[in-house]
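**Q** Sharing a structure here in C-alpha cells format.
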Amino acid sequence: MSEIFKNIPEIKYEGKDSKNPLAFRYYDANRVILGKKMSEHLPFAMAWWHNLCAAGTDMFGRDTADKSFNAEKGTMAHAKAKVDAGFEFMQKLGIKYFCFHDVDLVPEADDIKETNRRLDEITDYILEKMQGTDIKCLWGTANMFSNPRFMNGAGSTSSVDVYCFAAAQIKKALELTVKLGGRGYVFWGGREGYETLLNTDVKFEQENIAALMRMAVDYGRSIGFTGDFYIEPKPKEPMRHQYDFDAATAIGFLRQYGLDKDFKMNIEANHATLAGHTFEHELRISAINGMLGSIDANQGDYLLGWDTDEFPSDVYSATMCMLEVLRAGGLTGGFNFDAKNRRPSNTYEDMFYGFILGMDTFALGLINAAKIIEDGRLDAFVKQKYQSFESPVGEKIRSGKATLAELAARAEEMGAPANPASGRQEYLLGIVNSILFN
Ligand code: XLS
Ligand code: CA
Ligand code: CA
C-alpha cells in the first residue's frame with residue numbers, strides 16, 4: 001500500500017515559537033499536567049465521516065475536495081482506501097481513536113445482509129491495520145437518519161418495518177463496536193423528533209425510542225460490550241423539534257425510562273450552542289448527574305444558526321471545557337473531532353491543519369484550565385460564596401432535615417436578611433484573562 005499523504009511528515013511538537021505549519025505548538029503528548037500526560041488527558045479521535053467521507057458538498061454545490069484516495073468511489077476498493085488513508089492520517093498525527101457510523105465504512109447495499117457482509121470484510125481489514133498500532137475505536141453508531149426510510153425517524157418512526165430495520169442496524173453496529181474495541185456506543189437522534197404536533201404522537205414515539213435503547217443495552221451487554229451508551233443531545237437540525245434537545249432533557253428521558261445506569265452524555269460543542277447554552281453548561285449538567293461520558297470537539301459560528309461543525313479554535317471555550325473535564329476527573333470517552341474543513345479548505349494539507357488546530361486548541365485549554373485550578377482563586381471564590389450554608393441552619397437544609405415552618409419562624413425572627421455578597425463577575429473574568437494571557 002503506497003503512502004497517500006505524500007509530503008506530509010509525522011506531526012511533531014515543536015513549541016510555541018515554531019513557524020512550521022505542520023507541527024504542534026502546544027500539544028506535547030508526553031508533557032505532564034496535573035500528574036497525567038497530555039495524551040491521557042486528551043484521548044483525541046478522528047470522525048470517519050467528516051475526515052474520510054465528506055468532501056465539501058453542501059446544499060448549493062458539489063464536492064470541492066478529492067477524497068477518492070485513488071480508488072473508485074462507491075466500491076469496496078474505496079472503502080479500503082479510506083481505511084488506509086485513515087490509519088496513515090491518525091498515525092502521522094498521533095491520534096489513537098476513531099469514531100464511525102456503519103455507512104461511513106462501506107457503501108450501503110440494497111440488501112442488509114450484503115451490507116453486513118461488507119461491514120464484516122472492512123472491519124476485518126481495520127482489525128488488521130490496528131495490529132501493531134495502539135489505535136482503537138472510541139465509539140461506533142448506526143446512521144439512522146440519511147436513508148429516506150428514516151424520514152419519520154428510527155425509534156420514533158410510524159412504520160414497524162422501519163423500526164425493525166433500525167434494530168438490525170443497531171445490532172450490527174454494536175457488534176462492530178465490540179469487534180473494534182470501542183469504548184462507547186452513540187445514539188444521536190438525527191430524525192428522532194417531529195415537524196408538527198398535527199401528525200405526531202409524542203408519547204408513543206418517546207416510548208418506542210426508549211424500548212429500542214433498552215433492547216440495544218440488553219443485546220450489547222449480552223455480547224460483552226462493557227462500555228457506555230451515549231445520547232448525543234441536539235436541539236434541532238434536521239428536525240424542528242428533537243427529543244434530545246439538551247443534556248437536561250436527555251437525562252430526564254433516561255431516568256424516566258430507567259436507562260440512566262447504562263447511558264451517559266456525548267456532548268457536542270456546536271449542539272450546545274444551538275440549544276442556546278454554552279459548551280461548559282452542557283458539560284456541567286452532565287457531570288453533576290454523573291453522566292459526562294464523551295465529547296464531540298468542534299465549534300459553531302455565532303453568525304450562523306446551524307451546525308457548522310468547525311474545528312475548535314476558540315481557546316477560551318476549550319479552557320472552560322477543560323475546567324469542567326478536569327473537575328469531573330476526566331472522561332471515560334474521549335475528544336472526537338466531529339469537525340470538517342471549510343469548503344474552500346480542500347487539500348490534504350488542510351485536513352492536517354484542521355486537526356493540528358483542534359489539538360493545539362485543546363492542549364491550550366488543558367494548560368490554561370490546570371493553571372486556573374492551581375491558582376485556586378476561582379474555586380475559593382465559589383466556595384466562599386455559599387459559606388452561609390455552613391451554619392447550623394444551612395447544614396440542616398443541606399441534609400434535608402429542615403422544615404418550611406422552622407425556616408419561616410427564623411425569617412420572622414431576623415427581620416429582613418442582608419443582601420448576599422457580590423458575585424464579582426468582572427473581577428473573576430479578569431483573573432481568567434490574567435491567567436490566559438500572562
Ligand atoms: C450530527 C451529529 C452526528 C453524530 C453521530 O449533527 O453530530 O454526526 O455525532 O451520528
Ligand atoms: Ca456529533
Ligand atoms: Ca454536529
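**Q** Would you work out which of Gly74, Pro344, Gly189 lies farthest towards the positive end of the dipole of the chain? Charges go on Cβ: Lys and Arg +1, Asp and Glu -1.
**A** Farthest towards the positive pole: Gly189.
**Q** Of Lys113/Lys179; Lys6/Lys96; Lys92/Lys340; Lys261/Lys396; Lys73/Lys340; Lys36/Lys371, which pairs sit farther than 25 Å apart, going by alpha carbon to alpha carbon?
**A** Pairs exceeding 25 Å: Lys261/Lys396.
**Q** Just flag the chymotrypsin sites (Phe, Trp or Tyr not before Pro) in the range 41-72 sitting in loop per DSSP whose Cβ has no more than 10 other Cβ atoms within 10 Å. Please report the intermediate quantities before stating the final value.
**A** Working: sites: Phe44, Trp48, Trp49, Phe60, Phe69; in loops: Phe60, Phe69.
Those satisfying the criteria are Phe60.
**Q** Right, another one. Looking at Leu52, Phe89, Phe100, which one has the Cα that reaches farthest to the positive end of the dipole of the range 3-123 (charges on Cβ: Lys, Arg +1; Asp, Glu -1)?
**A** Selected residue: Phe89.
**Q** Run through the DSSP bridge list for the range 195-344 and note the antiparallel percent, rounded to the nearest 5.
**A** 10 percent
**Q** How much net charge surrounds Phe44 when only the other residues with a Cβ under 14 Å from the Cβ of Phe44 are counted, with Lys and Arg +1 and Asp and Glu -1? Present the calculation step by step, with values, prior to reporting the outcome.
**A** Values: positive: Lys37, Lys92, Lys96, Lys136, Arg183; negative: Asp28, Glu40, Asp134, Asp296, Asp338, Asp360.
Neighbour charge sum, excluding Phe44 itself: -1.
**Q** I've got another one for you. Please compute the Cα-Cα pair-distance distribution of the range 10-86 with 5 Å bins starting at 0, giving whole percents from short to long.
**A** The distribution over the range 10-86 is 3, 13, 14, 14, 15, 14, 13, 9, 4, 1, given as percents.
**Q** Per residue, how large is the accessible surface of the chain? Use a 1.4 angstrom probe and give square angstrom. Write out the running numbers ahead of the final one.
**A** Values: 21100 Å² over 438 residues.
So the chain comes to 48 Å² accessible per residue, rounded to a whole number.
**Q** Considering only protein heavy atoms and a probe of 1.4 Å, how much of the accessible area of the chain is carbon and sulfur, as a whole percent?
**A** The computed percentage sits at 53.
**Q** Here's something else I'd like to know. Out of Ser345, Ser391, Ser286, any idea which swings most in a Gaussian network model of the chain, alpha carbons joined below 10 Å?
**A** Ser391
**Q** Shifting gears a bit: Scan the chain and hand back the longest stretch that contains none of the trypsin sites (Lys or Arg not before Pro) lying in DSSP loops with at most 14 other Cβ atoms within 10 Å.
**A** Formally, the longest exposed-site-free interval is 63-239.
**Q** Near His78, within a Cβ-to-Cβ distance under 10 Å, what is the net charge of the other residues, with Lys and Arg +1 and Asp and Glu -1?
**A** Once all neighbours under 10 Å are counted, the net charge is +3.
**Q** Using a Gaussian network model on the chain with a 10 Å cutoff between Cα atoms, which of Asp63, Asp104, Asp360 fluctuates the most?
**A** Asp63
**Q** Looking only at Gly365, Gly394, Gly155, which one moves most when the chain is put into a Gaussian network model with springs between Cα atoms under 10 Å?
**A** Gly394
**Q** Now a separate question. Would you kindly state the longest site-free stretch of the chain, with sites defined as GluC sites (Glu not before Pro) in a DSSP loop (not H, G, I, E, B) surrounded by at most 13 other Cβ atoms within 10 Å?
**A** Answer from the scan: 196-438.
**Q** Would you mind checking the tilt of helix 315-327 against the longest principal axis of the Cα atoms of the chain, expressed as 0 to 90 degrees and rounded to 10?
**A** Once rounded, the angle reads 70 degrees.
**Q** Lys37: which aspartates and glutamates have alpha carbons under 12 Å from its alpha carbon, excluding same-chain residues fewer than 8 sequence positions away?
**A** Candidates past the 8-residue exclusion: Asp28.
**Q** Let me know the charge dipole size of the range 9-163 about its Cα centre in debye, to the nearest 20, where only the beta-carbon of Lys, Arg (+1) and Asp, Glu (-1) is charged. Let's see the in-between values first.
**A** Working: 20 positive and 23 negative charges, 149 e Å.
Result for the range 9-163 is approximately 720 debye, rounded to the nearest 20.
**Q** Which angle between 0 and 90 degrees, to the nearest 10, do you get for helix 202-222 versus the longest principal axis of the chain when only C-alpha atoms count?
**A** Helix 202-222 and the main axis of the chain meet at about 70 degrees.
**Q** So, counting K/R as plus one and D/E as minus one, what does the shell of residues with Cβ under 10 Å around Gly333 add up to?
**A** 0
**Q** Only bridges whose two residues both fall in the chain count here: according to DSSP, what percent of them are antiparallel, nearest 5?
**A** Here the share of antiparallel DSSP bridges comes out near 20 percent.
**Q** Hey, got a sec? Which chymotrypsin sites (Phe, Trp or Tyr not before Pro) in the range 280-334 land in a DSSP loop and have at most 12 other Cβ atoms within 10 Å?
**A** Tyr302, Trp306
**Q** Could I ask something else about it? Chymotrypsin sites (Phe, Trp or Tyr not before Pro), restricted to the range 170-262: which are DSSP loop and have at most 16 other Cβ atoms within 10 Å?
**A** Sites meeting the loop and neighbour criteria: Tyr257.
**Q** Let me ask another. Have a look at Ile285, His271, Leu303 and report the one farthest towards the positive end of the charge dipole of the range 252-307, computed about the Cα centre with Cβ charges (Lys/Arg +1, Asp/Glu -1).
**A** Ile285
The values are calculated or read from the model by the stated rules, or taken from the named source; none is laboratory data. All values derive from a computational prediction rather than experimental measurement. We place every Cβ from the backbone using ideal geometry, glycine too, and count neighbours over all the protein chains shown. Side chains are part of the model used for accessible areas, which takes the heavy atoms of the whole protein and leaves out ligands, DNA and RNA. Shrake-Rupley method; radii C 1.70, N 1.55, O 1.52, S 1.80 Å.
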